[in-house]
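These notes concern the structure reproduced below.
Throughout, read-outs are computed from the coordinates displayed, never taken from laboratory work. Computed from a predicted structure; not experimentally measured. Heads up, the Cβs are rebuilt from the backbone with ideal geometry, glycines too, and the neighbour counts pull from every protein chain shown.
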């Protein structure tokens, strides 16, 4: 039995960032927020208990194979998620970048290093060579404004 969650980066482009999260039983995720609207697809369903910093609680029910839409979290609102079941909950999270973010997105082709004989075509690829550092996670502090 795992004793901590895992997060695996899938891809990032001008429009979205995507990762897979595995939440083991009885292991709370640390307080965090989602600044962007997102879809969640349950690869292995279950129920996560969302606990907001004000103490309010809500069950998030994920049926295996189903997709769900969530708006961005309210400003200055952190929450934690807890899998109170006995099996892992595995989800794919895709956050959609805002128009402002899209206008300022870095050109990943310039710094990926995958092309040895000239520019690469990374934007047409999903997954590698886009890799985030070990320990990457969504923001865990409140945003300003």
Could you pull out which residues in segment 83-104 have an amide N less than 17 Å from a spot 7 Å beyond the Cα of residue 68, following the Cα-Cβ vector?
-> 83-96
For the modelled label position 7 Å from the Cα of residue 100 along Cα-to-Cβ, which residues of segment 31-64 have backbone nitrogen atoms closer than 17 Å?
-> 34-37
